[in-house]
There are 2 protein chains.
Amino acid sequence: MTESAPITSLTNPRVKRVVRLRKPRERRREGVLLAEGHREISRAVAAGLGLAEWFACREMLDDQLDGWPEAEPTWVSREVLAKMAYHDKPEGALAVFETPSFSLGDLPEREAGFYMVAVGTEKPGNLGAMVRTAAVAGCDAVLAVGPAVDVFNPNAIRNSTGAVFALPTVVVEDPTEAVAWLRERGVTVAAALADGGADCYQLDWAKPGEALAVVVGPEHAGLDQTWRDAADVKLTIPQAAGSTDSLNASNAAAVLLFEAVRRRSC
Amino acid sequence: MTESAPITSLTNPRVKRVVRLRKPRERRREGVLLAEGHREISRAVAAGLGLAEWFACREMLDDQLDGWPEAEPTWVSREVLAKMAYHDKPEGALAVFETPSFSLGDLPEREAGFYMVAVGTEKPGNLGAMVRTAAVAGCDAVLAVGPAVDVFNPNAIRNSTGAVFALPTVVVEDPTEAVAWLRERGVTVAAALADGGADCYQLDWAKPGEALAVVVGPEHAGLDQTWRDAADVKLTIPQAAGSTDSLNASNAAAVLLFEAVRRRSC
């Protein structure tokens, strides 16, 4: 990479713009997301996201690594990078990408589609972890249902290790729209309940060649009536005698997605 | 509860002591832990932990709830509680308990014991989530292996929803000590590897009536040679083609613990 003098001023307008982008409202307004560190940036590049601009600190950047954007970065000082970064350890680089916008209509039609539906997931970090798990389990897409779900929040990106770029993750504000989409495709809706559902190890709820959606609700409230009505099967992960809580949403999703994988590959 | 005038001064010595206790070093020095909110405090009480003192804010406290300590709290103002609390939302009360100290020798002997071994778990919040899952899966104890593991860190307590009080969680600094303890009891050691192990759905690795430990390592480095050598079986959770990462440590633990539950109850 050819080199130009790094930006060292914390009040440089381009620096101030990125600092503003740490606010969700500003990212939405500009239609962009922030990716920090090699793993996240290289996966955004690999997923074909449009690069707006990227910043790097010469001393911190490991340019031996593959996957950085082809364009030359805007060089900045260590202090400027720290000022711009959302996370404590920006690992030498920060990039602004155009936010991909998936809708249900963009999803490819699948024979035996496999979906995770995350309903009302409050914390972006939890949603990111769930998207990562859905990618490992081989889901075709994630439906993130609810208002104000921020799939491309920096914590979601980090905890997904970039899976939110590679796996189609569709925000669906209205749950009835998500239910209708699944219904039209004949997808079996398997809803996770903390209690009162069938034992997920006893019931025969997933088969090879059948389309399936595993639906996990918010941790405290659980799934609301819309999803309970829409469910073809209601599942509960068995809980040891004497344990006071059920699993957290991310772990419940992991257990059910992989039990589905096991049943679908039998 | 009878009422006395609340502490309103942020520089009150008792307030300043609790503020100091937010540092791990100070908690270790005094041999105490901080529990905040109704769920955590009531579970510490239920687990029989020794109460040092507790503080509550009249306007914020829901004393209709069961499980608060019997002793009258020291009443404090909203501002004082916020100053003392580790988390943003202390929910009206904060308590100082004596830290329970479990060693391997304290664990009850079990016929077909079921253990989770968390090796080198860096973040207390992740360890807490794993302890919660181990409790739901019916583990008899958790072995948290590695130096400087802070099982009673406020984030561990919160993410475990108090399971760290109810489920014996033993910190074992030296891995060889943990391996020896498992060996002496004839516990099958099942080690989780991100890749290269047997497919956890193909291999017959857990049976009813057999003692079992599921060992999960730190996310980036994975399990070291000590655990690879100690493993009776090495397991890998199958990963969908094209997915770039394996599961995070907490989700990997959840999937393997519940696959063990399924196999042990067949």
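Bear in mind that the values in this text are calculations on the coordinates, not laboratory data. Since this is a predicted model, take the numbers as computed values, not measurements. Neighbour counts run over all protein chains shown; Cβ positions are idealised from the backbone, glycine included.
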With label points set 7 Å from each Cα along the Cα-to-Cβ direction at A:Asp229 and A:Glu184, the distance between them in nm comes to 1.9
Give the angle, between 0 and 90 degrees and rounded to the nearest 10, that separates the Cα long axis of helix B:124-137 from the longest principal axis of the Cα atoms of chain B.
-> 70
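Determine the gain in length on full extension of the stretch B:Ala52-B:Ser4; use 0.36 nm per residue of separation and subtract their C-alpha separation, reporting nm with one decimal.
Extending this stretch completely gives an extra 15.4 nm.
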Taking amide H positions as placed in the peptide plane 1.01 Å from N, state which residues far from B:Ala52 in sequence (5 or more) or on other chains have amide H under 5 Å from it.
-> B:Val96, B:Phe97, B:Glu98
Partner shielding of B:151-162, as the mean number of partner chain Cβ atoms within 10 Å, equals 1
Using label points projected 7 Å from each Cα along Cα→Cβ, tell me how many nm separate A:Arg262 and B:Asp174, to one decimal.
-> 3.7
Just need the relative contact order of chain A here, percent rounded to a whole number, with Cα pairs under 8 Å and 6+ apart.
-> 18
Could you pull out every residue, at least 5 positions away or on a different chain, whose amide H is within less than 5 Å of the one on B:Thr169? Hs are placed 1.01 Å off N in the peptide plane, and Pro or chain starts have none.
-> B:Val142
Quick note, region A:13-98: a/c under 1.5 would make it rounded; otherwise a/b > b/c is prolate and the rest oblate (a ≥ b ≥ c, C-alpha gyration tensor); here it is oblate
Helix axis angle, B:249-264 relative to chain B longest principal axis, alpha carbon, degrees = 60
If you take the C-alpha gyration tensor of region B:104-264, multiply each eigenvalue by 5 and take the square root, what semi-axes do you get, largest first, in whole Å?
-> 21, 19, 15
Simple spin-label estimate for B:Asp63 and A:Ala221 in nanometres, 7 Å along Cα-Cβ = 3.2
What are the GluC sites (Glu not before Pro) within region A:16-78 that DSSP puts in a loop, where the Cβ has at most 11 other Cβ atoms within 10 Å?
-> A:Glu59, A:Glu70
Work out the length of the dipole vector of the protein assembly as shown about its Cα centre, built from +1 on the beta-carbon of each Lys and Arg and -1 on the beta-carbon of each Asp and Glu, and round it to the nearest 20 debye.
-> 1020
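Just list whichever of A:Lys89/B:Lys123; A:Lys123/B:Lys234; A:Lys89/B:Lys16; A:Lys16/A:Lys89; A:Lys23/B:Lys23; B:Lys123/B:Lys234 have alpha carbons separated by over 27 Å in the model shown.
In this structure, A:Lys123/B:Lys234; A:Lys89/B:Lys16; A:Lys23/B:Lys23 exceed 27 Å between Cα atoms.
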Efficiency of FRET between A:Arg14 and B:Lys89 - r from beta-carbon atoms, R0 51 angstrom, step 0.05 = 0.90
Dividing the convex hull volume of the Cα atoms of region B:102-143 by its residue count, what figure in Å³ per residue is obtained?
-> 71
Please work out whether the protein assembly as shown counts as rounded, prolate or oblate from its C-alpha gyration tensor, where a ≥ b ≥ c are the square roots of the eigenvalues and a/c under 1.5 means rounded, while otherwise a/b larger than b/c means prolate and anything else oblate?
-> rounded
Once both axes come from the Cα atoms, what is the angle between helix A:175-184 and the longest principal axis of chain A, in degrees from 0 to 90, rounded to 10?
-> 60
